[in-house]
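Data first, discussion second: the structure below is written as structure tokens.
The values are calculated or read from the model by the stated rules, or taken from the named source; none is laboratory data. What you are looking at is a predicted structure, and each value in this text was computed from that prediction instead of being measured. Reconstructed Cβ throughout: ideal geometry from the backbone, glycine too, with neighbour counts over all protein chains shown.
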Amino acid sequence: MGKDQFRLLEVYERARRHIASAVRSLVRPADVEDILQEAFLRCYESNDGSTVTHPQSYLYRTAINLAINHSARAENRVTTSLEALDSAIQLSGELDVETQLISRERLALYCGIVSELPSQCRRAFILKKVYGLSQREIAKFLGISENTVEKHIAKGILVCARKMTELDARGLVDRKLDGRTAHG
């Protein structure tokens, strides 16, 4: 282990709780440890002999980027679900009444979850997902930094994905009017 790699390990051990706290705001608690380890490993392996001037910042930024990428993958899953839901609603003329009601219920639940997001987070999330604004446009519109916009959007995605998953697991999303579930 080289001098810089040993220094990186010391910094990691010292800053780990601070970095974990930041990562925890972007991903599920179960994913924090994996992201921290991956961040350390990437920083450790990327050492090409050059000295990293600010190793704590380097580790922090790597961990945050990994957490955002992780959230983006979760966003893709949620977006795919929403696109499927939207398609189902658009095709509702071809669907039975029960399926239409379930689709509308899912959309209403999702909108309810979005409405419960903190104000600034909700605004950034809606400007991105509904109006399709870029992070730069949202930052300018809201008078905040692009980095803050990125965090708000990631948080919105994560909260929505978690709550929809919780509702799905409890069977609250796909229930039918007569009490039977859509699953069986």
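One residue stands out in region 129-153 among those that are surrounded by 12 or more Cβ atoms within 10 Å (Cβ to Cβ) and in a loop (DSSP other than H, G, I, E, B): the one that is modelled with the highest pLDDT, namely Ile144.
How many residues are within 10 Å of Val149 (Cβ to Cβ) and of a type in the set (S, T, N, Q) if we restrict to region 118-132? Looking only at that region, the number is 1.
Of all residue pairs spaced 6 or more apart or on separate chains, those with beta-carbon atoms under 9 Å, a first member in region 142-166 that is more than 17 Å from Ser119 (Cβ to Cβ) and a second member that is surrounded by fewer than 21 Cβ atoms within 10 Å (Cβ to Cβ) and aromatic (Phe, Trp, Tyr) are Lys163/Tyr110; Met164/Tyr110.
Among the residues making up region 2-43, a single one is polar (S, T, N, Q) and over 25 Å from Ile157 (Cβ atoms): Gln5. Annotation: of all residues in region 9-61 being of a type in the set (Gly, Ala, Ser) and closer than 20 Å to Ala161 by Cβ, the one that is surrounded by the fewest Cβ atoms within 10 Å (Cβ to Cβ) is Ala30.
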